[in-house]
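See structure below.
What follows is calculated from the coordinates using simple rules that are stated; it is not laboratory data. Note that the structure is predicted; figures quoted are calculated from it, not measured. Cβ: placed from backbone, ideal geometry, glycine included. Neighbour counts: every protein chain shown.
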Amino acid sequence: MDAGRGTVRSRGRRWTDADGIHIDVRGLTPPEPFVAIVELIESIDDATPVIVHHDRDPVMLYGELAERGWIAEGIDTVPGEIRLKLERAR
Amino acid sequence: MKLAAGAFLAGAGSRLLPPSIPFRFFGAAVTFHVLAWIALLAGADDVPQFAGGLGWPLAALHLVTLGVLAMTAIGASLQLLPVATRLAVGNRRWPAAIWWLYTPGVALTACGMGTGMVTVLAAGAIAVTAALVAFALLLARNLLGAKGMPIVVAHGWGALGSLAVVIATALSLAGTYVGAPIIDRASALALHVTFAAYGFMGMLALGLAYILVPMFALSAAPDEHPAWASLAIAVLALFLAGAAAIGLAPRLLDTLAVGAGLAAVGLHLRLMAVALATGMRRNLGPSFALVRIAWALLVASLLLALAVVHDVPHDGIAPLFGLVLIGGWLLTLLLGILQRIVPFLASMHAGQVRTRGKGLPPTPSALTAVRPLAIHFISHLAALALVTLAIAAGSPLIVRLGAAAGIVGALAFGAFFATAMRRMRRSQAVARAGAMPLA
């Protein structure tokens with residue numbers, strides 16, 4: 001799946017890099033980050049990872065990910081940003 | 001290194017409290033839920049004409065309000081607000097200290113109310129007050145530093161302001177029993193009921209719904225303008241009811257307050273209906289059936305408040321108003337939401353234990369015991385219906401039947417909670433041992 005570099009969707013900015021599809025949900029009003037991330041992973045039907053750029057710990061997202069067979073991994077981050085890599089569980 | 005969902009953020013972000021803190025509040029709430037129905041059973045003879053005063057109906061009422069509603073609100077706020085507002089709870093000993101003060105305080109308060117032992121009631125009231133003041137300070141600190149979510153934060157301030165009124169009037173009412181009231185009992189009681197139910201719990205319920213309902217329905221965030229209008233009108237309603245309670249044109253202002261309350265609720269429910277109708281997830285299960293029933297009973301409570309204001313000639317109007325307001329709206333709403341939140345939080349906490357494989361943390365559905373929730377659903381609604389019938393008919397026998405159904409439902413809800421905790425701990429133990437956690 002190719003979300004397109006720099007594409008602005010209705011909920012969050014999406015782009016694709018070598019490491020997967022990125023979605024930046026910083027600045028969105030809760031629960032829009034939650035919904036945007038779920039929408040994105042619902043649209044992916046292969047093993048493409050998703051990189052989430054968030055400004056808060058998405059506490060309630062983890063259960064939803066688990067229900068859908070996805071796991072989250074914390075990756076390198078910068079101050080003021082929380083970055084997660086989401087992958088289908090193997 | 002691959003971590004299960006939640007591990008990274010809990011470790012690095014440090015905004016999330018350990019599971020023992022929120023779950024001890026939820027566990028206490030589940031226990032007080034059972035005790036509330038037992039207290040109602042003990043006070044069945046006095047329920048149909050209950051209009052306040054010491055006794056087991058008053059104890060049952062406060063086991064629900066303090067023991068279940070406020071207990072859960074404190075636990076959920078301590079868990080979720082620091083994450084939402086991006087501000088950590090300062091010293092983590094505070095939440096635990098609040099629990100150790102609040103929980104025995106609620107038990108003593110209920111015991112004092114039920115038995116009529118005023119010194120026990122006073123000791124409990126002091127402990128509860130101290131704990132609520134400490135919670136209010138934590139909440140205020142968090143709201144002051146909040147970033148984003150202004151509509152939820154504004155509802156939080158409304159809840160906090162209402163909590164101040166509730167504490168002051170509770171002290172005055174407790175003072176009545178030891179001969180030292182601050183303001184006259186009728187005014188204190190009217191302020192206490194209004195600001196506890198519609199103010200403190202109501203503002204939290206309305207504010208958090210703007211996040212939780214769209215999140216569960218997977219819909220867009222509600223339109224902010226109607227949400228702000230709803231909040232403004234709700235605050236106006238509280239001020240009108242407050243003015244009426246201290247004797248300013250009580251019938252007129254109370255009527256206007258109910259009208260404003262209905263308008264605020266109408267706007268709020270319209271936003272909720274849009275979220276549910278436009279969400280990606282349409283089937284929200286029995287938990288949201290409870291939420292929908294609770295919303296209907298919120299409207300019913302306001303109509304019954306109007307009947308109380310205009311002295312509708314029936315002995316049972318006041319207790320019926322209390323039942324629909326506390327048991328029908330707030331308790332039903334909370335139990336519906338709690339049965340969705342507990343498995344999500346348990347799943348997240350279970351996933352914090354590092355796994356050596358690539359397995360999933362336990363899913364919320366794997367942590368949910370469905371049969372106890374089905375029993376609770378039927379029993380809870382049967383209990384409400386039976387106690388309503390009992391009040392209308394003036395029958396203590398039917399109150400006992402309703403209380404018995406409530407006990408069954410509360411025990412079933414306790415079984416659901418205990419199962420979620422047991423499965424979470426088992427999953428954590430398996431993950432710590434290096435095996436794949438149960439998905």
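What the table shows:
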quantity: Residue order, fewest to most surrounding Cβ atoms within 10 angstrom, among B:Ser287, B:Ser427; calculated: B:Ser287, B:Ser427
quantity: Value at 222 nm in deg cm²/dmol, rounded to 500, when DSSP H runs of n ≥ 4 in the protein assembly as shown each add -39,500 (n - 2.57); calculated: -22000 deg cm²/dmol
quantity: Where only alpha carbons of segment B:171-225 are counted, the Rg and the Dmax (Å); calculated: 17.9, 54
quantity: B:Val299/B:Ala232 FRET efficiency (R0 22 Å; Cβ-Cβ; nearest 0.05); calculated: 0.70
quantity: Ranked list, fewest to most other Cβ atoms within 10 Å of each Cβ, for B:Lys147, A:Lys85; calculated: B:Lys147, A:Lys85
quantity: Gained length - B:Ala392 relative to B:Arg425, 0.36 nm times residue gap less alpha-carbon distance; calculated: 7.3 nm
quantity: B:Thr176 versus B:Thr115: modelled label distance in nm, points set 7 Å from Cα along the beta carbon direction; calculated: 2.3 nm
quantity: Between segment B:203-265 and segment A:20-73, the Cα center-to-center distance that results, in Å; calculated: 33 Å
quantity: Burial ranking of peptide ranges B:368-376, B:126-134 (average Cβ count within 10 Å, highest at the top); calculated: B:126-134, B:368-376
quantity: Folded to 0 to 90 degrees: helix B:20-42 orientation relative to chain B principal axis, Cα; calculated: 40 degrees
quantity: Hull shadow area, averaged, segment B:289-343 [alpha-carbon convex hull, nm²]; calculated: 3.5 nm²
quantity: Histogram of C-alpha separations across chain B, 10 Å bin width, %; calculated: 5, 21, 32, 28, 11, 3, 0, 0
quantity: Stretch gain in nm, segment B:Ala289-B:Asp315, where the contour uses 0.36 nm per residue and the Cα spacing is subtracted; calculated: 6.3 nm
quantity: B:Ala88 versus B:His225: modelled label distance in nm, points set 7 Å from Cα along the beta carbon direction; calculated: 4.2 nm
quantity: Coordinate range along principal axes, alpha carbons of the protein assembly as shown, Å, largest first; calculated: 73, 47, 40
quantity: Estimated translational D of segment B:26-105 in µm²/s (Stokes, Kirkwood radius over Cα pairs; 20 °C; 1.002 mPa s); calculated: 153 µm²/s
quantity: Inter-part distance where segment B:44-99 and segment B:272-330 are each reduced to a Cα centre, Å; calculated: 20 Å
quantity: Vicinal HN-Hα couplings computed from phi for segment B:372-378 (Karplus, 6.51 cos²θ - 1.76 cosθ + 1.60; Hz; Gly/Pro x); calculated: x, 5, 5, 5, 4, 4, 5
quantity: Kirkwood-type radius of segment B:94-229, with distances r between different C-alpha atoms, in Å; calculated: 16.4 Å
quantity: For B:Met348, B:Met280, order by how many other beta-carbon atoms lie within 10 Å, fewest first; calculated: B:Met280, B:Met348
quantity: Folded to 0 to 90 degrees: helix B:118-144 orientation relative to chain B principal axis, Cα; calculated: 50 degrees
quantity: Relative contact order %, chain B, counting alpha carbon pairs below 8 Å whose residues are six or more apart; calculated: 19 percent
quantity: Neighbourhood charge, 13 Å Cβ-Cβ cut-off, centred on B:Ser219 and excluding it, Lys, Arg +1 and Asp, Glu -1; calculated: 0
quantity: Spin-label model distance (nm) - B:Ala140 vs B:Gln49, 7 Å beyond Cα toward Cβ; calculated: 4.4 nm
quantity: Two-decimal Rg/Rh across segment B:104-171, once Rg and the Kirkwood Rh are taken from alpha-carbon atoms; calculated: 1.13
